[in-house]
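The values are calculated or read from the model by the stated rules, or taken from the named source; none is laboratory data. All figures in this text were calculated on a predicted structure; none of them were measured in a lab. Ideal geometry is used to build each Cβ from the backbone, glycine not excepted, and the neighbour counts take in all protein chains shown.
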Amino acid sequence: MSAALVVRDLSVSLRGQSLLTGVSFFVGVGERVALLGASGSGKSLTAAAILGQLHPDMTVSGSMAINSRDLPVGPRALGEPGEFAMVHQDPSTALNPMVRIGRQLAFPLLKTGLSRSQARTKAVELLANVGMTDPAGMLSRFSGELSGGQLQRVTIALALACRATVLIADEPTTALDVISQGLVLQAIRDEAEDHGALLFITHDLSVAASLCTRAVVMDAGRVVEQAPMEQLLAAPEHGYTRELVNAAQISSRVLRQGIGA
């Protein structure tokens, strides 16, 4: 399997305090990888480092590559168009309140070569796939008219519209009900398989098991275990991973269904 994203020995510190230490992993082309850990484990900081969005006072070292092209670590532009798309925990940061939803969704779709009519059709399809009621009517609305759950679904649709090499999703379903969560996970799965790779950041092992085929487990700013999802659930090696598996309390039947999806 060729690698869409490779992170090597990534370390981040702030005023001499180590925040990330030697973080290394890869995401294969078309692969769905979960970055697992509790709050404060370093998951979101790892994503920020990958995207070049660290605070200027932070010191960073290591290396990374996307599609075998080396990228600098530390503050930078996101890279070439189409390389990264991000779903943040706070959906309000991803949308322009002055621009209608349809226009914001159309912009990345037009960049992929679709015509305006094709972009509109695809935008409606994406909104429907993430569980938005009246997806066609949503195109004319502004972000200020939407609820929190609607905002989250729109930002996920926007990230999917980018058809990026690597989609990074940071706890994208925490504000959604169970039905919407299932629709969103299916939409993310389909788009990742069709257009690129997925790094799915979550503290929820059951959600990760329903979507991802491999897991990278973090604790206290370090990677403590990496394994195929099935292996990690059946025989976790690190004590922290065992705690995650025990806490999830997922039946083997549900696990098999999630892994085989």
Check your understanding: If you check Ala106 against the conditions, is it more than 29 Å from Gly16 (Cβ to Cβ), modelled with pLDDT of 90 or more and not basic (Lys, Arg)?
Key -> yes
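This table checks each residue for (1) more than 27 Å from Val27 (Cβ to Cβ); (2) over 13 Å from the mean Cα position of the chain (by Cα).
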position	(1), (2)
Asn96	yes, yes
Val99	yes, yes
Glu125	no, yes
Asp134	yes, yes
Glu145	yes, yes
Gly149	yes, yes
Arg153	no, yes
Val166	no, no
Arg189	no, no
**Study point:** Conditions (1) at pLDDT 85 or above; (2) more than 29 Å from Ser92 (Cβ to Cβ); (3) of a type outside the set (Lys, Arg); number of the one not met by Leu255
**Key:** (1)
Point to revise | Close pairs from segment 38-60: first free of Cβ contacts under 8 Å to residues at least 40 places away in the same chain and surrounded by 14 or more Cβ atoms within 10 Å (Cβ to Cβ), partner of a type outside the set (A, V, I, L, M) and in a loop (DSSP other than H, G, I, E, B), Cβ under 7 Å, at least 6 apart | key: Gly52/Gly74; Gly52/Pro75; Gly52/Arg76
Practice item. Collect the residues in segment 7-41 that are hydrophobic (A, V, I, L, M, F, W, C) and in contact with a Ser or Thr (Cβ under 8 Å, 6 or more places away or on another chain), keeping them in residue-number order. Key: Val7, Leu10, Val12, Leu14, Leu19, Leu20, Val23, Val29, Val33, Ala34, Leu35, Leu36
Exercise for review: Kindly state which helices (runs of 4 or more DSSP H) lie completely within segment 86-193 and contain at least 3 residues that are β-branched (Val, Ile, Thr) and in contact with a helix residue (DSSP H, G or I) (Cβ under 7 Å, 6 or more places away or on another chain).
Suggested key: 148-161
Review point. Looking at Glu225, is it in a loop (DSSP other than H, G, I, E, B) and either modelled with pLDDT of 85 or more or outside the structural domain of Ala4 (by TED's automatic domain parsing) (or both)?
Key: no
Review point. When the residues of segment 202-222 are filtered to those that are assigned to a strand (DSSP E or B) and among the charged types (D, E, K, R), which remaining residue is surrounded by the fewest Cβ atoms within 10 Å (Cβ to Cβ)?
Key: Arg222
Practice item. Kindly indicate the residue of segment 127-151 that is in contact with a Pro (Cβ under 9 Å, 6 or more places away or on another chain) and more than 18 Å from Asp177 (Cα to Cα) and also surrounded by the fewest Cβ atoms within 10 Å (Cβ to Cβ) among those meeting that condition. Key: Gly144
Check your understanding: Is it the case that some residue within segment 179-201 is crowded, with 18+ Cβ neighbours inside 10 Å, at pLDDT 85 or above and not aliphatic (A, V, I, L, M)?
Key -> yes
Point to revise | Looking only at segment 49-60, and only at residues there that are more than 10 Å from Leu20 (Cβ to Cβ) and part of a helix (DSSP H, G or I), the one that is modelled with the highest pLDDT | key: Ile50
Exercise for review: Could you please find all residues in segment 38-54 being over 18 Å from Met86 (Cβ atoms) and touching a strand residue (DSSP E or B) at 6+ places or on another chain (Cβ under 8 Å)?
Suggested key: Ala38, Ser41
Practice item. Give Ala128, Ala123, Ala136, Ala161 a once-over and let me know the one that is small (Gly, Ala, Ser) and touching a Phe, Trp or Tyr at 6+ places or on another chain (Cβ under 9 Å). Key: Ala161
**Study point:** Single condition Val99 does not satisfy, out of (1) crowded, with 17+ Cβ neighbours inside 10 Å; (2) at pLDDT 90 or above; (3) among the hydrophobic types (A, V, I, L, M, F, W, C)
**Key:** (1)
Revision key, fill the gap. Going through (1) part of a loop (DSSP other than H, G, I, E, B); (2) outside the structural domain of Gln152 (by TED's automatic domain parsing) one by one, Ser44 fails only at (1)
